[in-house]
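A short worksheet on the structure shown next.
The values are calculated or read from the model by the stated rules, or taken from the named source; none is laboratory data. This one's a predicted model, so the numbers in the text were calculated from it and none came from an experiment. Neighbour counts are summed over all protein chains in view; Cβ atoms, including those assigned to glycine, are modelled from backbone coordinates with ideal geometry. With ligands, DNA and RNA removed, areas are computed over all heavy atoms of the protein, side chains included. Shrake-Rupley method; radii C 1.70, N 1.55, O 1.52, S 1.80 Å.
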Amino acid sequence: MFTDIGTIFAKKMEGTEVSLRGWAHRHRTSGKMVFVTMRDSTGIIQLAVKQDKVDEKSWKDANDTYVESSFMVKGNVVKDERAPGGYELQATNFELVSKGEPFPVAKDLSEEYLLDIRHLWLRSQKLTKILQIRSTVIAGIHEFFQKRGYTLFDPPIFTPNACEGGSTLFEVQYFDRKMYLTQSWQLYAEAAIFSLGKIYDVAPTFRAEKSKTSRHLAEFWMAEMEAPWMNLDDVVQVAKDEVKFLVEKVLEKHEEDLKFLGRDVEKLRKAISKPFPTVKYSEVLKILEEKEQMQVEWGKDLRTVEEERIMNHFETPIVVTHYPKEIMAFYKPVDPKNKKEALCFDMLAPEGFGEIVGGSQRSIDIKEIEEGLKKEGEKIEKYQWYLDLRKYGSVPHSGYGLGVERVVRWICGSDNIKDTIAFPRTMARFEP
Ligand code: ATP
Ligand code: MG
């Protein structure tokens, strides 16, 4: 019977004999002793292999071990204040499973090299912990929406239409014609709410982002929701609740992992300790002018630098609403109270992590949608099916998309979004 390393610490298994399977994280010999730091998916533990406590084969195997060799070990758990976690395993048997070759990952290697050997660097403590946190975030998204009675709805990935503008579309050969990889599930979600009601999904999303930033991937996962009868205020509230819920889930389960990653956990706790404010775009411009001496012309989108500067004034995420209609996608409706503004929102994370959620009420005015499509240079015929949704039992509805990697990046405090996905895809990075 094998146990895992995490269980030894969780159950304080001092004084018991255990068997473990895993890999060598570090390895050092010292006379009649071999010290191995062993890792499995649940943690790391120090092993001491003493020549006079094991048979000849075990001693040879323990000495022959490379960093990242796989092995099985049997031994007694003892308390040792100097060992990481306070326990050490004193081996009674050690058996190599695969010695392999000397491992190429050493310390202080460049970011690019670590990306080249991503298939091996995945084994690092850093990536292991981030990917475990990512798993908790995605499980949290399902839990959040399932508990609220939403239905999971999966959209197609090949699409004939654009949703977020032609410039970031990935074209693919689809038999003898061209199709695109999905930029958002939204248009299809809008068709599904008529039967399924409130729906959500977490799905791969593709955008041919040509600029190099620390928050854009070409392939990322978006958690989206769409709901009939909801207006802008309603969905903004759902988004605030969701983000708070996800951070709480991670704090509950991963406080130690966050500390290992160097995250200031208190800042994260503070970020969800108060309600997130909602601020209009035009108020943001005012704050930028008054407190940051920054002039942004009304009508210009907020760039990264403006998003960073506005967040100097908030410790929690904020929701910015009512961006200029002129620069918004075709499906975002004008505010009847001010025809220059759209009923839409972005949520910005604190500490300069930028936009994590984008959403809106959806236009149900066929004329307005057609004009928007024309302005974006789209062919209206290709959107007839979408316009049909406004012809038969149309209802007010709204939705948003949350970038999984953006949220994981903020929660973990990672410098780059590439750290939050196992095999990142950007314009410059597509292997392995
Ligand atoms: P940005 O202005 O940062 O490019 P966007 O306005 O294009 O974002 P939306 O179309 O509103 O983003 O998409 C919804 C969410 O999906 C964003 O809030 C963000 O969290 C995430 N997202 C969008 N583009 C990317 C990307 N290229 N890589 C990772 N996440 C993304
Ligand atoms: Mg974008």
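Which count do you get for residues in the range 194-247 that are under 15 Å from the mean Cα position of the chain (by Cα), near ligand 1 (Cβ under 10 Å from one of its atoms) and farther than 27 Å from Lys270 by Cα?
Number of matching residues: 6.
Run Tyr386 past the list (1) more than 10 Å from ligand 1 (Cβ to nearest atom); (2) outside any helix (DSSP H, G or I) and report the number of the one that doesn't hold.
Looking at each condition in turn, Tyr386 falls short on (2).
Here are some residues: Thr168, Thr159. Which one is hydroxyl-bearing (Ser, Thr, Tyr), within 16 Å of ligand 2 (Cβ to nearest atom) and more than 20 Å from the chain's Cα centre (by Cα)?
Going through Thr168, Thr159 in turn, the sole match is Thr168.
For the range 168-186, what are the residues that are surrounded by fewer than 21 Cβ atoms within 10 Å (Cβ to Cβ), hydrophobic (A, V, I, L, M, F, W, C) and not in a strand (DSSP E or B)?
Those that are surrounded by fewer than 21 Cβ atoms within 10 Å (Cβ to Cβ), hydrophobic (A, V, I, L, M, F, W, C) and not in a strand (DSSP E or B): Phe170, Phe175.
Quick one: would you say Thr205 is modelled with pLDDT under 95 and among the β-branched types (Val, Ile, Thr)?
no
Would you check if there is a residue in the range 107-116 being open to solvent by less than 30 Å² (accessible area, probe 1.4 Å) and touching a Phe, Trp or Tyr at 6+ places or on another chain (Cβ under 6 Å)?
Yes.
Step by step: first the residues of the range 310-320, then only those that are assigned to a helix (DSSP H, G or I) and surrounded by fewer than 20 Cβ atoms within 10 Å (Cβ to Cβ), then the one that is nearest to ligand 1 (Cβ to nearest atom). Which residue is that?
Met311
Would you pick out the residues in the range 350-390 that are of a type outside the set (A, V, I, L, M, F, W, C), within 30 Å of Pro277 (Cβ to Cβ) and in contact (Cβ under 8 Å) with a residue 40 or more places away in the chain?
Answer for the range 350-390, where residues must be of a type outside the set (A, V, I, L, M, F, W, C), within 30 Å of Pro277 (Cβ to Cβ) and in contact (Cβ under 8 Å) with a residue 40 or more places away in the chain: Pro350, Glu351, Gly352, Gly354, Glu355, Gly358, Gly359, Ser360, Gln361, Arg362, Gly372.
Is at least one residue of the range 65-80 touching a residue at least 40 places away in the same chain (Cβ under 8 Å), over 15 Å from Met38 (Cβ atoms) and among the acidic types (Asp, Glu)?
The answer is no; no qualifying residue exists.
Of all residues in the range 239-257, how many are in contact with a helix residue (DSSP H, G or I) (Cβ under 9 Å, 6 or more places away or on another chain) and either within 14 Å of Arg148 (Cα to Cα) or not in a helix (DSSP H, G or I) (or both)?
Result for the range 239-257: 3.
Of all residues in the range 215-234 being assigned to a loop (DSSP other than H, G, I, E, B) and in contact with a strand residue (DSSP E or B) (Cβ under 6 Å, 6 or more places away or on another chain), which is most open to solvent (accessible area, probe 1.4 Å)?
Asn231
Residue check, Leu373 against (1) part of a helix (DSSP H, G or I); (2) open to solvent by 10 Å² or more (accessible area, probe 1.4 Å), all met but one. Which one?
(2)
When the residues of the range 118-128 are filtered to those that are touching a residue at least 60 places away in the same chain (Cβ under 8 Å) and over 24 Å from Lys259 (Cβ atoms), which remaining residue is surrounded by the most Cβ atoms within 10 Å (Cβ to Cβ)?
Arg118
Mind checking which residues of the range 75-101 are polar (S, T, N, Q), over 14 Å from Lys12 (Cα atoms) and surrounded by 15 or more Cβ atoms within 10 Å (Cβ to Cβ)?
Within the range 75-101, Gln90, Thr92, Asn93 qualify.
If we keep just the residues of the range 411-426 that are in contact with an Asp or Glu (Cβ under 7 Å, 6 or more places away or on another chain) and aliphatic (A, V, I, L, M), which is surrounded by the most Cβ atoms within 10 Å (Cβ to Cβ)?
Ile417
Please tell me if Glu355 is within 16 Å of ligand 2 (Cβ to nearest atom), part of a helix (DSSP H, G or I), at pLDDT 95 or above and on the phi < 0 side of the Ramachandran plot.
no
If Lys212 passes every condition in (1) farther than 16 Å from Tyr150 by Cβ; (2) open to solvent by less than 30 Å² (accessible area, probe 1.4 Å); (3) charged (D, E, K, R) but one, which one does it miss?
Only one criterion in (1) farther than 16 Å from Tyr150 by Cβ; (2) open to solvent by less than 30 Å² (accessible area, probe 1.4 Å); (3) charged (D, E, K, R) is unmet by Lys212, namely (2).
So, of the residues in the range 189-238 that are touching a Gly at 6+ places or on another chain (Cβ under 6 Å) and of a type in the set (D, E, K, R), which turns out to be nearest to ligand 2 (Cβ to nearest atom)?
By that ranking, first place goes to Arg215.
I'm trying to understand the selection: among the residues of the range 188-203, which are more than 12 Å from Ile157 (Cα to Cα) and assigned to a helix (DSSP H, G or I)?
Once the filter is applied, which keeps residues that are more than 12 Å from Ile157 (Cα to Cα) and assigned to a helix (DSSP H, G or I), the range 188-203 yields Ala189, Glu190, Ala191, Ala192, Ile193, Phe194, Ser195, Leu196.
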